[in-house]
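Q: Here it is: the structure, laid out below.
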Amino acid sequence: MCTKMNPDRFNPTLSVDEYLAETNVLFYLNDAVTQLLEHKEEYTQFGIVRYFAEYFSSVKNGNHVLFREFGYIKATAHNRASFIRVLWRCFRQIGKNGDLLAMLEYSSLLQLLCPDFPVEMVQHAARIVLMDDAMDCLMSFSDFLFSFQIQFYFEEFLESIAVIYQDLLSGKSPNTVIVPTSTSVEQLPQVATEETEAQEGVDSSVFGECIEGLCERFKHNHPSTSAIREVLELTQRVTFYGFVMALVRHEGINQDIGALPNKSELLIDPEMDQEVEKLIAQIAISPTSNSSSSVPGHKEPPRKASPRKSLHHRKRIEMESDGSTEETDSSEN
(Lines give C-alpha, C1' and ligand atoms only; values in the text may rest on other atoms or scores of the structure.)
Protein backbone atom coordinates (compact mmCIF):
# COMPACT_ATOMS: atom_id res chain seq x y z
CA MET A 1 0.00 0.00 0.00
CA CYS A 2 1.14 3.57 -0.67
CA THR A 3 0.66 5.32 2.65
CA LYS A 4 0.20 9.08 2.37
CA MET A 5 -0.71 11.52 5.13
CA ASN A 6 -4.47 11.82 5.40
CA PRO A 7 -5.49 15.39 4.51
CA ASP A 8 -8.41 15.17 6.95
CA ARG A 9 -7.54 16.09 10.51
CA PHE A 10 -9.57 13.27 12.01
CA ASN A 11 -10.99 10.05 10.64
CA PRO A 12 -13.97 9.03 12.81
CA THR A 13 -13.75 5.41 11.65
CA LEU A 14 -10.31 4.92 13.24
CA SER A 15 -9.66 4.10 16.87
CA VAL A 16 -7.15 6.22 18.80
CA ASP A 17 -4.42 3.60 18.41
CA GLU A 18 -5.12 3.17 14.70
CA TYR A 19 -5.02 6.93 14.15
CA LEU A 20 -1.72 7.29 15.98
CA ALA A 21 -0.21 4.39 14.03
CA GLU A 22 -1.44 5.66 10.64
CA THR A 23 -0.25 9.23 11.12
CA ASN A 24 2.97 8.45 13.05
CA VAL A 25 2.10 11.23 15.48
CA LEU A 26 4.08 9.66 18.31
CA PHE A 27 7.17 9.32 16.10
CA TYR A 28 7.10 13.03 15.20
CA LEU A 29 6.29 14.08 18.75
CA ASN A 30 9.25 12.08 20.04
CA ASP A 31 11.54 13.63 17.43
CA ALA A 32 10.26 17.13 18.20
CA VAL A 33 10.99 16.71 21.90
CA THR A 34 14.41 15.20 21.17
CA GLN A 35 15.34 18.11 18.89
CA LEU A 36 14.10 20.58 21.49
CA LEU A 37 16.23 19.05 24.24
CA GLU A 38 19.31 18.89 22.04
CA HIS A 39 18.99 22.54 20.96
CA LYS A 40 17.03 24.01 23.87
CA GLU A 41 19.13 27.18 24.14
CA GLU A 42 18.33 28.03 20.53
CA TYR A 43 14.66 27.04 20.49
CA THR A 44 13.53 28.27 23.91
CA GLN A 45 14.45 31.83 22.97
CA PHE A 46 11.33 32.22 20.85
CA GLY A 47 8.99 30.01 22.88
CA ILE A 48 8.11 26.34 23.22
CA VAL A 49 4.65 26.73 21.70
CA ARG A 50 6.04 28.44 18.64
CA TYR A 51 8.72 25.76 18.30
CA PHE A 52 6.18 22.91 18.23
CA ALA A 53 3.93 24.86 15.85
CA GLU A 54 6.79 25.38 13.41
CA TYR A 55 8.01 21.81 13.75
CA PHE A 56 4.66 20.27 12.86
CA SER A 57 4.05 22.88 10.18
CA SER A 58 7.30 21.82 8.52
CA VAL A 59 6.25 18.15 8.81
CA LYS A 60 2.94 18.95 7.12
CA ASN A 61 4.67 20.92 4.35
CA GLY A 62 7.36 18.29 3.81
CA ASN A 63 10.34 20.55 4.57
CA HIS A 64 11.27 18.71 7.77
CA VAL A 65 13.55 16.17 6.05
CA LEU A 66 16.05 18.69 4.70
CA PHE A 67 19.56 18.04 6.09
CA ARG A 68 18.29 15.32 8.43
CA GLU A 69 19.99 11.95 8.96
CA PHE A 70 19.14 8.96 6.74
CA GLY A 71 17.45 7.03 9.56
CA TYR A 72 14.98 9.88 9.95
CA ILE A 73 14.14 10.47 6.30
CA LYS A 74 13.30 6.80 5.73
CA ALA A 75 11.45 6.30 9.02
CA THR A 76 7.94 6.96 7.65
CA ALA A 77 6.21 6.91 4.28
CA HIS A 78 5.55 10.64 4.59
CA ASN A 79 9.24 11.32 5.21
CA ARG A 80 10.25 9.27 2.18
CA ALA A 81 7.77 11.03 -0.10
CA SER A 82 8.84 14.40 1.31
CA PHE A 83 12.50 13.67 0.63
CA ILE A 84 11.75 12.63 -2.95
CA ARG A 85 9.91 15.90 -3.46
CA VAL A 86 12.75 17.90 -1.88
CA LEU A 87 15.22 16.20 -4.23
CA TRP A 88 13.09 17.16 -7.21
CA ARG A 89 12.60 20.77 -6.10
CA CYS A 90 16.27 21.35 -5.25
CA PHE A 91 17.79 19.90 -8.41
CA ARG A 92 15.06 20.33 -11.02
CA GLN A 93 17.30 22.77 -12.88
CA ILE A 94 19.67 19.92 -13.75
CA GLY A 95 16.93 18.27 -15.77
CA LYS A 96 15.85 21.60 -17.23
CA ASN A 97 19.38 22.19 -18.50
CA GLY A 98 19.44 18.70 -20.03
CA ASP A 99 22.50 17.67 -18.01
CA LEU A 100 23.38 13.98 -17.80
CA LEU A 101 25.08 12.79 -14.61
CA ALA A 102 26.78 9.61 -13.44
CA MET A 103 25.65 7.56 -10.46
CA LEU A 104 28.33 8.99 -8.13
CA GLU A 105 27.31 12.53 -9.06
CA TYR A 106 23.70 11.82 -8.11
CA SER A 107 25.03 10.32 -4.88
CA SER A 108 26.85 13.58 -4.15
CA LEU A 109 23.67 15.58 -4.75
CA LEU A 110 21.72 13.37 -2.35
CA GLN A 111 24.41 13.79 0.28
CA LEU A 112 24.02 17.55 0.07
CA LEU A 113 20.46 17.03 1.35
CA CYS A 114 21.23 14.08 3.65
CA PRO A 115 24.93 13.86 4.60
CA ASP A 116 24.86 10.15 5.46
CA PHE A 117 22.74 9.03 2.50
CA PRO A 118 24.13 5.58 1.53
CA VAL A 119 25.66 5.18 -1.89
CA GLU A 120 24.22 1.63 -2.08
CA MET A 121 20.71 3.02 -2.36
CA VAL A 122 21.83 5.21 -5.26
CA GLN A 123 23.48 2.22 -6.93
CA HIS A 124 20.23 0.22 -6.78
CA ALA A 125 18.29 3.14 -8.30
CA ALA A 126 20.88 3.53 -11.07
CA ARG A 127 20.72 -0.19 -11.81
CA ILE A 128 17.00 0.15 -12.59
CA VAL A 129 17.82 2.76 -15.24
CA LEU A 130 20.99 1.24 -16.64
CA MET A 131 20.09 -2.46 -16.38
CA ASP A 132 22.89 -4.17 -18.31
CA ASP A 133 24.87 -1.00 -19.04
CA ALA A 134 27.98 -0.12 -17.08
CA MET A 135 27.29 1.70 -13.82
CA ASP A 136 29.38 4.68 -14.91
CA CYS A 137 27.00 5.52 -17.77
CA LEU A 138 25.27 8.91 -17.64
CA MET A 139 21.58 9.29 -16.76
CA SER A 140 19.06 12.06 -17.28
CA PHE A 141 17.59 13.66 -14.18
CA SER A 142 14.06 12.43 -14.85
CA ASP A 143 15.15 8.84 -15.49
CA PHE A 144 17.12 8.75 -12.26
CA LEU A 145 14.50 10.59 -10.21
CA PHE A 146 11.58 8.30 -11.05
CA SER A 147 13.72 5.19 -10.57
CA PHE A 148 15.02 6.57 -7.27
CA GLN A 149 11.43 7.18 -6.16
CA ILE A 150 10.50 3.51 -6.59
CA GLN A 151 13.74 2.25 -5.04
CA PHE A 152 13.60 4.55 -2.01
CA TYR A 153 9.87 4.48 -1.31
CA PHE A 154 9.42 0.74 -1.83
CA GLU A 155 12.86 -0.42 -0.68
CA GLU A 156 11.69 -3.32 1.52
CA PHE A 157 9.17 -4.45 -1.09
CA LEU A 158 11.83 -4.61 -3.81
CA GLU A 159 14.16 -6.55 -1.54
CA SER A 160 11.42 -9.11 -0.91
CA ILE A 161 10.32 -9.60 -4.51
CA ALA A 162 13.98 -9.89 -5.57
CA VAL A 163 14.25 -13.03 -3.44
CA ILE A 164 10.93 -14.37 -4.76
CA TYR A 165 12.15 -13.78 -8.31
CA GLN A 166 15.43 -15.50 -7.57
CA ASP A 167 13.62 -18.56 -6.21
CA LEU A 168 11.37 -18.81 -9.27
CA LEU A 169 14.33 -18.31 -11.60
CA SER A 170 16.16 -21.18 -9.93
CA GLY A 171 13.21 -23.48 -10.64
CA LYS A 172 11.52 -23.63 -7.25
CA SER A 173 7.81 -24.38 -7.15
CA PRO A 174 5.63 -21.37 -6.26
CA ASN A 175 4.39 -23.34 -3.24
CA THR A 176 7.92 -23.59 -1.86
CA VAL A 177 8.88 -19.96 -2.45
CA ILE A 178 9.62 -18.40 0.92
CA VAL A 179 8.65 -14.79 1.61
CA PRO A 180 11.99 -13.18 2.49
CA THR A 181 12.96 -11.06 5.48
CA SER A 182 14.67 -7.69 5.61
CA THR A 183 18.05 -9.44 5.72
CA SER A 184 17.75 -10.24 2.02
CA VAL A 185 19.04 -6.90 0.73
CA GLU A 186 22.14 -8.66 -0.61
CA GLN A 187 19.94 -10.44 -3.16
CA LEU A 188 19.49 -7.36 -5.33
CA PRO A 189 22.91 -7.32 -7.01
CA GLN A 190 22.66 -11.06 -7.61
CA VAL A 191 19.49 -10.61 -9.63
CA ALA A 192 21.33 -8.48 -12.17
CA THR A 193 23.93 -11.17 -12.85
CA GLU A 194 21.30 -13.88 -13.09
CA GLU A 195 19.32 -11.91 -15.64
CA THR A 196 22.25 -11.79 -18.03
CA GLU A 197 22.05 -15.59 -18.06
CA ALA A 198 18.27 -15.87 -18.22
CA GLN A 199 16.88 -12.95 -20.20
CA GLU A 200 13.52 -14.65 -20.62
CA GLY A 201 12.74 -14.13 -16.94
CA VAL A 202 9.93 -15.92 -15.11
CA ASP A 203 6.24 -16.56 -15.79
CA SER A 204 4.36 -13.32 -15.13
CA SER A 205 1.22 -14.94 -13.71
CA VAL A 206 3.18 -17.10 -11.26
CA PHE A 207 5.32 -14.13 -10.24
CA GLY A 208 2.16 -12.08 -9.74
CA GLU A 209 0.57 -14.72 -7.51
CA CYS A 210 3.65 -14.82 -5.29
CA ILE A 211 3.75 -11.02 -5.06
CA GLU A 212 0.06 -10.81 -4.15
CA GLY A 213 0.64 -13.38 -1.42
CA LEU A 214 3.45 -11.20 -0.12
CA CYS A 215 1.33 -8.03 -0.18
CA GLU A 216 -1.41 -9.65 1.91
CA ARG A 217 0.88 -9.79 4.93
CA PHE A 218 3.45 -7.11 4.09
CA LYS A 219 3.83 -4.39 6.72
CA HIS A 220 5.88 -2.00 4.59
CA ASN A 221 4.93 0.21 1.66
CA HIS A 222 4.09 -1.58 -1.57
CA PRO A 223 2.37 -0.64 -4.85
CA SER A 224 -1.33 -1.41 -5.11
CA THR A 225 -2.10 -4.96 -6.22
CA SER A 226 -4.21 -3.56 -9.08
CA ALA A 227 -1.16 -1.68 -10.42
CA ILE A 228 0.98 -4.81 -10.08
CA ARG A 229 -1.61 -6.83 -12.04
CA GLU A 230 -1.72 -4.17 -14.78
CA VAL A 231 2.05 -4.36 -15.19
CA LEU A 232 2.24 -8.15 -15.25
CA GLU A 233 -0.73 -8.59 -17.60
CA LEU A 234 1.22 -6.86 -20.37
CA THR A 235 3.63 -9.77 -20.89
CA GLN A 236 3.77 -13.53 -20.43
CA ARG A 237 7.27 -13.51 -18.98
CA VAL A 238 9.08 -10.81 -17.06
CA THR A 239 12.57 -10.13 -15.74
CA PHE A 240 13.11 -8.55 -12.34
CA TYR A 241 14.39 -5.21 -13.61
CA GLY A 242 11.87 -5.23 -16.44
CA PHE A 243 9.14 -5.46 -13.79
CA VAL A 244 10.68 -2.71 -11.65
CA MET A 245 11.06 -0.42 -14.65
CA ALA A 246 7.38 -0.97 -15.45
CA LEU A 247 6.56 0.16 -11.88
CA VAL A 248 8.70 3.25 -12.46
CA ARG A 249 6.70 4.14 -15.58
CA HIS A 250 3.28 3.44 -14.05
CA GLU A 251 1.58 6.82 -13.63
CA GLY A 252 -0.95 5.46 -11.11
CA ILE A 253 1.85 4.41 -8.74
CA ASN A 254 3.46 7.83 -9.09
CA GLN A 255 0.15 9.48 -8.20
CA ASP A 256 -0.35 7.17 -5.21
CA ILE A 257 3.02 8.16 -3.76
CA GLY A 258 2.14 11.80 -4.35
CA ALA A 259 5.68 13.20 -4.31
CA LEU A 260 6.26 13.99 -8.01
CA PRO A 261 4.13 15.39 -10.82
CA ASN A 262 3.73 13.36 -13.97
CA LYS A 263 6.76 13.14 -16.23
CA SER A 264 5.51 15.62 -18.81
CA GLU A 265 5.34 18.34 -16.13
CA LEU A 266 8.47 17.47 -14.16
CA LEU A 267 10.43 20.54 -15.22
CA ILE A 268 7.56 23.03 -15.07
CA ASP A 269 7.49 24.95 -11.80
CA PRO A 270 6.67 28.66 -12.32
CA GLU A 271 6.76 29.42 -8.59
CA MET A 272 10.27 28.05 -8.18
CA ASP A 273 11.40 29.81 -11.38
CA GLN A 274 10.21 33.14 -9.96
CA GLU A 275 12.10 32.52 -6.72
CA VAL A 276 15.30 31.75 -8.67
CA GLU A 277 14.88 34.90 -10.78
CA LYS A 278 14.40 37.00 -7.63
CA LEU A 279 17.52 35.48 -6.08
CA ILE A 280 19.58 36.19 -9.20
CA ALA A 281 18.28 39.78 -9.29
CA GLN A 282 19.18 40.31 -5.62
CA ILE A 283 22.70 39.03 -6.22
CA ALA A 284 23.09 41.29 -9.25
CA ILE A 285 22.18 44.47 -7.31
CA SER A 286 23.67 43.56 -3.94
CA PRO A 287 26.07 46.13 -2.40
CA THR A 288 28.94 43.65 -2.38
CA SER A 289 28.69 43.20 -6.14
CA ASN A 290 29.02 46.98 -6.69
CA SER A 291 31.58 47.78 -3.99
CA SER A 292 34.60 47.30 -6.20
CA SER A 293 33.24 49.66 -8.85
CA SER A 294 33.18 52.51 -6.31
CA VAL A 295 36.98 52.52 -6.24
CA PRO A 296 38.31 54.23 -9.37
CA GLY A 297 40.56 52.08 -11.47
CA HIS A 298 40.00 48.99 -9.36
CA LYS A 299 38.63 45.89 -11.03
CA GLU A 300 38.11 42.71 -9.13
CA PRO A 301 38.61 39.53 -11.12
CA PRO A 302 35.38 37.62 -11.73
CA ARG A 303 34.68 34.75 -9.37
CA LYS A 304 32.80 31.59 -10.02
CA ALA A 305 30.25 30.80 -7.39
CA SER A 306 30.33 27.29 -5.97
CA PRO A 307 26.91 25.68 -6.47
CA ARG A 308 27.82 22.98 -3.96
CA LYS A 309 28.55 25.56 -1.25
CA SER A 310 25.45 27.64 -1.92
CA LEU A 311 23.22 24.57 -1.84
CA HIS A 312 24.78 23.19 1.32
CA HIS A 313 24.59 26.49 3.20
CA ARG A 314 21.13 27.38 2.03
CA LYS A 315 18.76 27.23 4.98
CA ARG A 316 15.43 25.54 4.74
CA ILE A 317 13.85 26.46 1.45
CA GLU A 318 10.11 26.84 1.30
CA MET A 319 9.01 24.05 -1.00
CA GLU A 320 5.27 24.31 -1.22
CA SER A 321 4.10 24.15 -4.78
CA ASP A 322 2.29 21.71 -6.97
CA GLY A 323 5.27 20.24 -8.79
CA SER A 324 5.67 19.52 -12.43
CA THR A 325 7.59 17.28 -14.86
CA GLU A 326 9.82 16.94 -17.93
CA GLU A 327 10.69 15.38 -21.23
CA THR A 328 14.08 13.75 -20.72
CA ASP A 329 16.71 11.88 -22.58
CA SER A 330 15.95 8.28 -21.72
CA SER A 331 18.71 5.93 -20.71
CA GLU A 332 16.53 2.92 -21.24
CA ASN A 333 17.86 -0.21 -22.84
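Q: Just the C-alpha atoms of the stretch 73-129: what Rg/Rh do they give, with Rh taken as the Kirkwood radius?
A: 0.96
Q: Moving on to the next point. For the stretch 143-160, what does the Karplus curve 6.51 cos²θ - 1.76 cosθ + 1.60, with θ = phi - 60°, yield as ³J(HN,Hα) per residue in whole Hz, taken in order and with x for Gly and Pro?
A: Per residue, the Karplus-derived 3J(HN,Hα) values read 4, 5, 4, 5, 5, 4, 4, 5, 5, 6, 6, 10, 3, 5, 5, 5, 4, 5 Hz.
Q: Taking a 1.4 Å probe, which of THR225, THR44, THR239 shows the most accessible area, and what order do the others take after it?
A: Output order, biggest surface exposure first: THR44, THR225, THR239.
Q: How big is the stretch 20-129 along each principal axis, measuring the range of its Cα positions in Å and listing the largest first?
A: Largest to smallest, the principal-axis extents are 46, 29, 21 Å.
Q: Placing unit charges on C-beta atoms (Lys and Arg positive, Asp and Glu negative, everything else neutral), compute the dipole magnitude of the stretch 83-133 about its Cα centre in debye, rounded to 20.
A: Charge dipole, the stretch 83-133, about its Cα centre: 380 debye, nearest 20.
Q: Still on this structure, I have one more. Ordered by residue, what ³J(HN,Hα) values in Hz, to whole numbers, does the stretch 26-33 give under the Karplus form 6.51 cos²θ - 1.76 cosθ + 1.60, where θ = phi - 60° and Gly and Pro are x?
A: So the Karplus estimates, Gly and Pro as x, are 5, 4, 5, 5, 4, 5, 4, 5 Hz.
Q: Which cross-chain or sequence-distant (5 or more) residues have an amide H under 5 Å from the amide H of ARG237, H modelled 1.01 Å from N in plane?
A: Residues meeting the amide H criterion: SER204.
Q: Just to check I understand the Karplus step: with θ = phi - 60° and J = 6.51 cos²θ - 1.76 cosθ + 1.60, what whole-Hz values come out for the stretch 71-87, glycine and proline as x?
A: x, 6, 5, 9, 6, 9, 4, 5, 5, 5, 4, 5, 5, 4, 5, 4, 4
Q: Modelling each spin label as a point 7 Å along the Cα-to-Cβ direction, I'd like the GLN93/GLU275 distance in nm, to one decimal.
A: Going from the GLN93 label point to the GLU275 one covers 1.2 nm.
Q: Using 0.36 nm per residue of separation minus the Cα-Cα distance, give me the extension gain between GLU216 and TYR72 in nm, one decimal.
A: 49.2 nm
Q: Okay, moving on. Could you give the distance between the Cα centres of the stretch 211-266 and the stretch 120-138, to the whole Å?
A: Taking the Cα centre of each part, the stretch 211-266 and the stretch 120-138 sit 19 Å apart.
Q: Considering the stretch 107-172, what Rg and Dmax in Å follow from its alpha-carbon atoms?
A: 13.4, 44
Q: Further question on the same structure: Put +1 on the Cβ of every Lys and Arg and -1 on every Asp and Glu Cβ in the stretch 20-129; which of LEU110, ALA77, ILE94 then has its Cα farthest towards the positive end of the dipole?
A: ILE94
Q: Placing +1 at every Lys and Arg Cβ and -1 at every Asp and Glu Cβ, with all other atoms neutral, what dipole size does the stretch 20-129 have around its Cα centre, in debye to the nearest 20?
A: Magnitude of the dipole: close to 440 debye.
Q: Could I ask something else about it? What distance in nm lies between label points placed 7 Å from Cα along the C-beta direction at HIS39 and ASN262?
A: 3.9
The values are calculated or read from the model by the stated rules, or taken from the named source; none is laboratory data. Owing to the predicted nature of the structure, the values given are computational and were not obtained by experimental measurement. Because the Cβ atoms are built from the backbone with ideal geometry, glycine has one as well, and the counts that use them run over all protein chains shown. What goes into the accessible areas is simple: the full protein's heavy atoms, side chains included, and nothing from ligands, DNA or RNA. Shrake-Rupley method; radii C 1.70, N 1.55, O 1.52, S 1.80 Å.
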